[in-house]
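Asks: One structure follows; several queries about it will come next.
The values are calculated or read from the model by the stated rules, or taken from the named source; none is laboratory data. Please read all numbers here as calculations on a predicted model, not as lab measurements. Glycine gets a Cβ as well: all are built from the backbone with ideal geometry, and neighbour counts include every protein chain shown.
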Amino acid sequence: MSVAHRTLECPVFSQLLPKKSKSRAWEHFGLPANESGQIVSQDIAVCKLCWSPVSAKSGSTSNLFGHLRFHHPLKFSKVSNKSKVVADSAIFSILCCC
Ligand SMILES: [Zn+2]
């Protein structure tokens, strides 16, 4: 019924709250929250490294890892190595280019 807004606008927030998640991707992301600590968007994570909003619908971390892999490959290799994330061959190509 409502038109899904596809553009990922960075929500207005005054702080980033850590997400309680086992995924190490969240080490570099936070949930945008207002001054009183209320999360303003559950579906958007904000990258602490470049302050870009990244879609994290239903706690999905695939976009978070995708963001790290594309924008912060060094951070990505760190969080993906130590976690039990299924390694894909792209990780190795990134390591090779560093
Ligand atoms: Zn980033």
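Asks: Can you name every residue in the stretch 25-53 that is in a loop (DSSP other than H, G, I, E, B) and within 11 Å of the ligand (Cβ to nearest atom)?
Replies: Lys48, Leu49, Cys50, Trp51, Ser52
Residues are listed down the side, and each one gets a yes or a no for (1) loosely packed, with under 13 Cβ neighbours inside 10 Å; (2) among the hydrophobic types (A, V, I, L, M, F, W, C); (3) modelled with pLDDT of 95 or more:
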| residue | (1), (2), (3) |
| --- | --- |
| Arg6 | yes, no, no |
| Phe13 | no, yes, no |
| Lys22 | yes, no, no |
| Asp43 | no, no, no |
| Val46 | no, yes, yes |
| His71 | no, no, yes |
| Cys97 | yes, yes, no |
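Asks: Here's something else I'd like to know. Step by step: first the residues of the stretch 48-60, then only those that are over 13 Å from Cys10 (Cα atoms) and hydroxyl-bearing (Ser, Thr, Tyr), then the one that is surrounded by the most Cβ atoms within 10 Å (Cβ to Cβ). Which residue is that?
Replies: Once the filter is applied, the top-ranked residue is Ser60.
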